[in-house]
Ligand SMILES: [Zn+2]
């Protein structure tokens, strides 16, 4: 959000700034005063943008999930049913309906260099464009993946310890639809994909520089992509837009206690509370069973 606002203001401000310097070089004093005023206004606008971005959200306290909708007028969907938004995420996955027409995910996943950053809410890896998932007749492009501790979705009322969200967009610039592939982690064997990220050095703070590293492939992270749940929901962070097709893998991944601690020590609690289901159906692949009784524990 902060980056977006700064970018927009920056894009608007930049031509004025360059014009300012051009006119300075001409040295015509009559230009100087208005342009200095403009420059002051631009700097002021940038400072204001910084503050607007700081009208931020948190996971507890007076900027916690219950108050997200109040932080920014464009975040009204976060209020959920209070404001008529009926498709918020995350939700508890239970009472699912098997849909035999749901097949193995059509994923094309390319290598992408480690490019980790901490936005103050999640640890996120920016992905080079090229990886896709086709779902419901739409081709979505992988933009990034990130992590929450604990899990955001629950299965049969049970939380996992961490959840990966791979965010795919129908268009990286003018996004109208999003598909998120979610996967829940539990404690078990060490996870080689997570270890690559940990070894690169997880960015500890929003002020930490980006961490760059060797190519990785999300395919190495994902468990069985032929067994999943799917439902219509929202972003789990502001602006909570209700344009997300959720695809949550039935099979949970494993990680060691140490790996969990590496993420948890940085992320703390960055999971949004469960939202009302409001009669939405959750469909599931036939593969992997209903998953409610055996969605966890299987390898
Ligand atoms: Zn997420």
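The values are calculated or read from the model by the stated rules, or taken from the named source; none is laboratory data. Worth saying up front: this structure is predicted, and the values here are computed from it rather than measured. When we count neighbours, we look across all protein chains shown, and the Cβ atoms used for this are built from the backbone with ideal geometry, even at glycine.
Overview of results
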{"read-out": "Residue 70, sole failed condition from (1) assigned to a helix (DSSP H, G or I); (2) in contact with a helix residue (DSSP H, G or I) (Cβ under 6 Å, 6 or more places away or on another chain); (3) over 21 Å from residue 148 (Cα atoms)", "value": "(2)"}
{"read-out": "Selection count where residues are within 14 Å of the ligand (Cβ to nearest atom), in contact with a strand residue (DSSP E or B) (Cβ under 7 Å, 6 or more places away or on another chain) and under 28 Å from residue 199 (Cα atoms), scope region 236-276", "value": "5"}
{"read-out": "Strands (runs of 3 or more DSSP E) contained in region 97-161 and holding at least 2 residues surrounded by fewer than 19 Cβ atoms within 10 Å (Cβ to Cβ)", "value": "106-108, 112-118, 132-135, 138-148"}
{"read-out": "Filter result for residue 291 (on the phi > 0 side of the Ramachandran plot and at pLDDT below 95)", "value": "yes"}
